[in-house]
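So the structure is just underneath, and the comments pick up after that.
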Amino acid sequence: MPPEARQRHSEERLLGFPPSPDECRTERLLSQEDKGKTASTVHDIALAGHSNSSGALGEEENDGLHGPVASAPEYRVYKRRFFGLVQLVLLNIIISWDWLTFSAVSTTSSQYFGVRESSINWLSTAFLFAFVIISPAVIWTLNKGGPRAAIIAAGVLTFVGNWIRYAGARPPGGRFGAVMFGQILIGLAQPFVLSAPTRYSDLWFSDKARVSATAVASLANPFGGALGQLIGPLWVTKPSEVPNMVLYTAIISSIAAIPSFFVPAAPPTPPSASSTGSHPEVALSKQVRALLRSTSFYLILVPFSVYVGFFNSTSSLLNQILEPYGFSEAEAGIAGGLLILVGLVTSAVVSPFIDRTKHYLPAIKILVPLVAASYLLLVFAPPTRSLAAPYVACALLGATSFSLLPCALEYLVEITNRNAPPAQLRPSSPANIRATPPLPPPPLPVGPEVSSTVAWSGGQLLGAVFVLAMGALKDEAGGQGPGEPKGSMRRALVFQAVLAWAVVPLPLALGVGRWWPGWRRRKGRDGDGGVAAGRDDAGDGGYGDGDRGSDRGS
């Protein structure tokens with residue numbers, strides 16, 4: 001068939017004109033290969049038209065006949081991604097260790113500095129408040145400068161803060177104000193690395209490994225707390241040994257902070273279609289406004305903040321919770337270590353499973369009541385005066401909390417970071433092309449650094465509030481109940497358990513009726529090229545078009 005006839009035939013079919021009898025005879029002259037090429041052209045033109053309206057696809061090529069056609073972008077992962085991940089892990093470990101440096105030996109530290117034990121609690125509380133204060137700068141840094149800028153900022157603040165703490169602890173009796181100032185500087189460093197894992201994993205890792213990467217970096221933070229709980233009592237057996245503990249911690253922190261300057265900024269090509277690195281940047285103000293309109297976000301944010309807050313307060317006050325019942329600082333340190341180490345082991349089993357299945361919401365609905373039950377069990381553990389009871393309660397609390405953490409963080413990304421490329425058209429005939437209405441623009445994505453920083457800030461803020469509230473509920477005079485010793489924190493534990501159960505219905509409401517989060521697994525997008533569409537949150541204003549959404553699958 002002459003080229004002119006081929007072109008005219010193809011154009012008329014694309015425009016949807018019904019074939020005439022002559023054209024039907026002409027069509028039989030086309031070979032099977034030509035039919036395949038024509039179908040490919042139809043598909044490419046449909047993709048190119050939608051790409052021009054949304055700007056979500058990659059580079060463009062010109063076939064000389066039908067104008068620009070979208071080319072398939074290149075996605076790959078790089079080995080260098082593990083260097084940045086390891087650095088995130090190191091900084092999260094050491095910063096959390098710095099946070100609980102004095103909490104694990106609160107009684108001995110109060111004797112050395114000549115202050116009340118409640119003043120030692122303020123070292124943890126000020127650390128948490130510092131997180132909240134610096135959070136807007138963290139969001140801006142991660143959004144504009146990426147994870148590398150955040151990691152460098154955290155390394156510098158950690159280095160300086162540790163040596164200021166040592167300068168305050170070295171003189172006999174110490175200078176508590178200088179120690180507090182150094183502690184606040186380290187607290188300012190924490191959100192830069194605690195909020196970075198979701199952003200870093202989204203930038204560097206494919207969908208098949210994001211939950212695991214987020215879990216490794218995020219759970220390194222409580223692992224550092226476990227080291228502080230276990231090692232602190234071993235280094236400090238009397239007040240005069242407090243300066244040495246601060247010195248050793250400063251040396252380790254400096255070694256961990258130096259590699260921050262060598263972390264790569266971003267991969268040359270994005271790891272998958274759902275990565276933020278493969279899509280246009282959205283103004284930060286628009287992301288924040290979109291986040292505040294999401295009902296589903298609040299249904300996860302509230303329980304996440306409450307449970308992170310209680311975990312922080314329990315870690316800070318565990319020695320004071322157990323000590324009135326005759327437990328030593330070393331035994332309380334072991335309980336704190338079990339709280340975190342058992343949680344890390346459990347999360348190492350759960351996270352890969354969630355990575356493969358993407359069943360974030362079912363996992364959250366199972367784990368949230370278990371976390372609340374663990375806090376209820378903790379109310380009854382210390383009065384037994386048996387090591388087994390608090391050890392078991394702490395182990396269960398750690399296992400459930402640590403399994404929930406990466407699921408909640410990744411689910412927040414799923415329901416807010418809807419930055420997928422637009423759904424692909426699949427025309428099976430020219431009539432279908434003509435009948436298919438234009439797709440609306442893709443929903444506005446919210447960067448993972450925004451949702452995760454807001455969530456972590458809520459947890460740190462409530463953690464500081466809970467430390468103060470539970471300290472105020474401490475029975476300084478004794479007599480709270482039969483068999484309750486002086487200094488008992490039973491009322492604080494009851495308060496903790498009641499509030500932990502009060503927030504359970506919120507995540508359970510997700511996926512029920514009008515609280516459907518409006519997303520579907522994007523399994524096909526990064527794998528088999530499929531399309532998944534859903535509806536947006538009822539009543540929350542949506543993220544753009546209001547009735548289409550998709551999630552980020554494998």
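With respect to the conditions (1) closer than 25 Å to Ala217 by Cα; (2) open to solvent by less than 10 Å² (accessible area, probe 1.4 Å); (3) touching a residue at least 60 places away in the same chain (Cβ under 8 Å), Ala332 falls short on a single one, namely (1).
Residues of the range 291-310 that are modelled with pLDDT under 85 and within 10 Å of Leu412 (Cβ to Cβ): Leu291, Ser294, Ser296, Phe297.
Listed here are the residues, each with its yes/no results for (1) of a type in the set (Gly, Ala, Ser); (2) free of Cβ contacts under 8 Å to residues at least 12 places away in the same chain; (3) out of contact with any Leu (no Cβ under 9 Å at 6 or more places or on another chain); (4) farther than 20 Å from Trp235 by Cβ.
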| residue | (1), (2), (3), (4) |
| --- | --- |
| Leu88 | no, no, yes, yes |
| Trp97 | no, no, no, no |
| Ser109 | yes, no, no, no |
| Ser119 | yes, no, yes, yes |
| Leu123 | no, no, yes, no |
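Tally time: how many residues in the range 113-145 are within 20 Å of Ala332 (Cα to Cα) and either in contact with a Lys or Arg (Cβ under 9 Å, 6 or more places away or on another chain) or open to solvent by 10 Å² or more (accessible area, probe 1.4 Å) (or both)?
Within the range 113-145, the first condition is being within 20 Å of Ala332 (Cα to Cα), and the residues that meet it are 116-125.
Filter once more, keeping what is either in contact with a Lys or Arg (Cβ under 9 Å, 6 or more places away or on another chain) or open to solvent by 10 Å² or more (accessible area, probe 1.4 Å) (or both): 116-119, 121-122.
Selection size over the range 113-145: 6.
Tell me the residue from Leu338, Leu318 that is open to solvent by 20 Å² or more (accessible area, probe 1.4 Å) and in contact with a Cys (Cβ under 9 Å, 6 or more places away or on another chain), please. Walk me through it before giving the result.
On the way: Leu318 fails: open to solvent by 20 Å² or more (accessible area, probe 1.4 Å).
Criteria check complete, one pass: Leu338.
How many residues does the range 197-244 hold that are over 16 Å from Ser109 (Cα atoms) and either assigned to a loop (DSSP other than H, G, I, E, B) or of a type in the set (A, V, I, L, M) (or both)? Matching residues across the range 197-244 total 15.
The values are calculated or read from the model by the stated rules, or taken from the named source; none is laboratory data. The shown structure was predicted, so the numbers you read here are calculated from the model rather than taken from an experiment. No Cβ is skipped: glycine too gets one built from the backbone with ideal geometry, and neighbour counts run over all protein chains shown. Just so you know, the surface numbers come from the protein's heavy atoms only, side chains and all, with ligands and any DNA or RNA stripped out. Shrake-Rupley method; radii C 1.70, N 1.55, O 1.52, S 1.80 Å.
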